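To start, the structure itself, in structure tokens.
The values are calculated or read from the model by the stated rules, or taken from the named source; none is laboratory data. Treat the numbers as computed from the prediction; the structure is a model and nothing was measured. With ideal geometry, Cβ positions are generated from the backbone for all residues, glycine too; neighbour counts draw on all protein chains shown.
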Amino acid sequence: MAQDIVVVKGAEIDFSGLVGREIMLRTDQFPGKSLSTRVMAIRDNSLVIDRSGSGGLIDQLIHNQPLEVYFQLKGQPARFMSVLACPREGRLQIPIGQEIYPEGRRKFERVDVVSDVQLTLFDEQSIGAVRLNRLKWLETKTINVSGGGMLVTLPLQVVSDHYLILHLQLEDVELPKLMVGRTRHVTITEKYQSLVGVEFIVREDRFAKVPKSIIRHLPVKLFDFCTDSRDELDRYLIQVNK
């Protein structure tokens, strides 16, 4: 999650040009792998994909799981989030996402890193009604991480405009024990889980990114993650990805 992401509505894009072209899929079934396949057709606002892609790994994908789809949009990389579907005739289909994210706008390099993360979610209403030590904490794993944020799957339905306190465990890079984040995009899967894109809030931007009604309930220590920390994390991830 870069800070300058431009969102394009999926309904505004003509996807017919993808027929016969290669797309890339990322899913937590195969962490750290980008799976390639071809679009065979466009049907019912879905991409019909080739099962034989990536040496047969596409055919092994579990149905109804969340995934990210990467493709070329007017010569620029773009992506959307969806779930894998398998209709009665057996062809694998990917419903086209309602929101498209041009990757060319991304400021920070995103890396497929699977790491433990603990987090708690809140909004303006709940943070005022519940003490921090009474918030419910969840444990999950990252799907990918960048200097600006992360992508995770959560076992509940999440709505947009939520904020997080999180503890991200990465080796060989020093991060504050606790950080603040906010949800940037959410996809609800057919299993009623949420694929959530999280932006890390740096100390210098906290008043621009977090309502004052929330900040006054949060200890200053939670904003130890600063632009220097973000740059250090970005450099670390670039090295990991080499």
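Just to verify a result, which residue in the range 184-213, among those that are surrounded by fewer than 18 Cβ atoms within 10 Å (Cβ to Cβ) and touching a helix residue (DSSP H, G or I) at 6+ places or on another chain (Cβ under 8 Å), is farthest from Glu174 (Cα to Cα)?
The residue in question is Ser213.
Considering only the range 1-83, give the strands (runs of 3 or more DSSP E) lying wholly within it that have at least 1 residues that are modelled with pLDDT under 90 and farther than 19 Å from Ser194 by Cβ.
22-26, 35-43, 66-73, 76-83
Check the range 96-114 and report whether any residue there is of a type in the set (S, T, N, Q) and at pLDDT 90 or above.
No.
What pairs can you find where one residue is in the range 173-194 and over 23 Å from Asp28 (Cα atoms), the other is surrounded by fewer than 18 Cβ atoms within 10 Å (Cβ to Cβ), and their Cβ atoms are less than 6 Å apart, with a gap of 6+ or different chains?
Pro176/Asp224; Leu178/His167
Give me a count of the residues in the range 182-193 that are outside any loop (DSSP other than H, G, I, E, B) and at pLDDT below 85.
Going through the range 182-193 one residue at a time, the tally reaches 5.
For residues in the range 220-242 being touching a residue at least 24 places away in the same chain (Cβ under 8 Å) and not in a helix (DSSP H, G or I), which is farthest from Asp205 (Cα to Cα)?
Once the filter is applied, the top-ranked residue is Asn241.
Given the criteria assigned by TED's automatic domain parsing to the domain that holds Thr120, out of contact with any Gly (no Cβ under 6 Å at 6 or more places or on another chain), closer than 25 Å to Pro31 by Cα and of a type in the set (A, V, I, L, M, F, W, C), does Leu222 qualify?
No, not satisfied.
If I ask for residues that are part of a strand (DSSP E or B) and surrounded by fewer than 20 Cβ atoms within 10 Å (Cβ to Cβ), which ones from the range 154-181 would you list?
If the condition is that a residue be part of a strand (DSSP E or B) and surrounded by fewer than 20 Cβ atoms within 10 Å (Cβ to Cβ), then Leu154, His167 are the ones that fit.
Confirm whether Ser146 is closer than 26 Å to Asp234 by Cβ and modelled with pLDDT under 90.
No, not satisfied.
Among the residues of the range 15-53 satisfying the criterion of being touching a residue at least 24 places away in the same chain (Cβ under 8 Å) and hydroxyl-bearing (Ser, Thr, Tyr), which is surrounded by the most Cβ atoms within 10 Å (Cβ to Cβ)?
Step by step, filter the range 15-53, then rank; the result is Thr27.
Counting just the residues of the range 206-219 that are free of Cβ contacts under 8 Å to residues at least 24 places away in the same chain and assigned to a helix (DSSP H, G or I), which one comes out farthest from the chain's Cα centre (by Cα)?
Ranking the qualifying residues of the range 206-219, first place goes to Lys212.
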